[in-house]
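Every number in this text was worked out from the coordinates using simple rules, so none of it is lab data. Since the structure is predicted, the reported quantities are computational estimates derived from the model, not experimental observations. Here the Cβ positions follow ideal geometry from the backbone for every residue, glycine too, while neighbour counts run over all protein chains shown.
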Amino acid sequence: MHEISVLHKAVDLAEQTAADNGITRISYITLEIGELSGYLPVFFEKYFPVVTENRPVFDGCELRMVMARGEGLCRECGAMYNIMANEGKCPKCGSRYKKILGGQQFLLKEIGYE
């Protein structure tokens, strides 16, 4: 379960950014999670209260998540497609030979504050 360690890093980064900028309360953070990253958003939701516990800057903070689609480019026919929706196969020619264009990222996308 790698979600806890990357969530800790994102929360630490948000907390340090707040401190560096004189922000005393973070109202929300937004994570961008790629479909192909291997991370399960349900665990971020479950452990966010635990990771932010005893950190006053996060009192009442909301966790927002944006999912980034796993996009691929077929190296056989050139079709672009959603890898997850098509179980890794090109919907046009059936090839599994692809270039991954997106969907592997995990980013702290936004920090909202008051």
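Please work through the chain and write down the cysteines that have no neighbouring cysteine Cβ at a distance under 4.7 Å.
Isolated Cys, the chain: 61.
Report, by chain and number, residues whose modeled amide H sits under 5 Å from the one on residue 101, excluding near sequence neighbours (fewer than 5 apart, same chain).
Residues meeting the criterion, in which the H sits 1.01 Å from N, are 71, 72, 73.
For helix 41-52, report the angle its Cα long axis makes with the longest principal axis of the Cα atoms of the chain; keep it between 0 and 90° and round to the nearest 10°.
20
Among residues other than residue 96 whose Cβ falls under 13 Å from its Cβ, what is the net charge (Lys/Arg +1, Asp/Glu -1)?
My count for the surroundings of residue 96 gives +3.
Length gain on complete extension for the stretch residue 19 to residue 64, per 0.36 nm per residue less the alpha carbon to alpha carbon distance?
Computed gain between residue 19 and residue 64 is 14.1 nm.
What whole number of Å gives the distance from the Cα centroid of region 1-29 to the Cα centroid of region 64-103?
Centre-to-centre distance over Cα atoms comes out at 32 Å.
Under a Cβ-Cβ cut-off of 13 Å, what is the net charge of the residues other than residue 114 that fall near it, where Lys and Arg count +1 and Asp and Glu count -1?
After counting each charged neighbour, the total is -1.
Between residue 65 and residues 5 or more places away or on another chain, which pairs have amide H atoms under 5 Å apart, with H built 1.01 Å from N, and which residues are they?
When sequence neighbours closer than 5 places are left aside, the close amide H contacts are 31.
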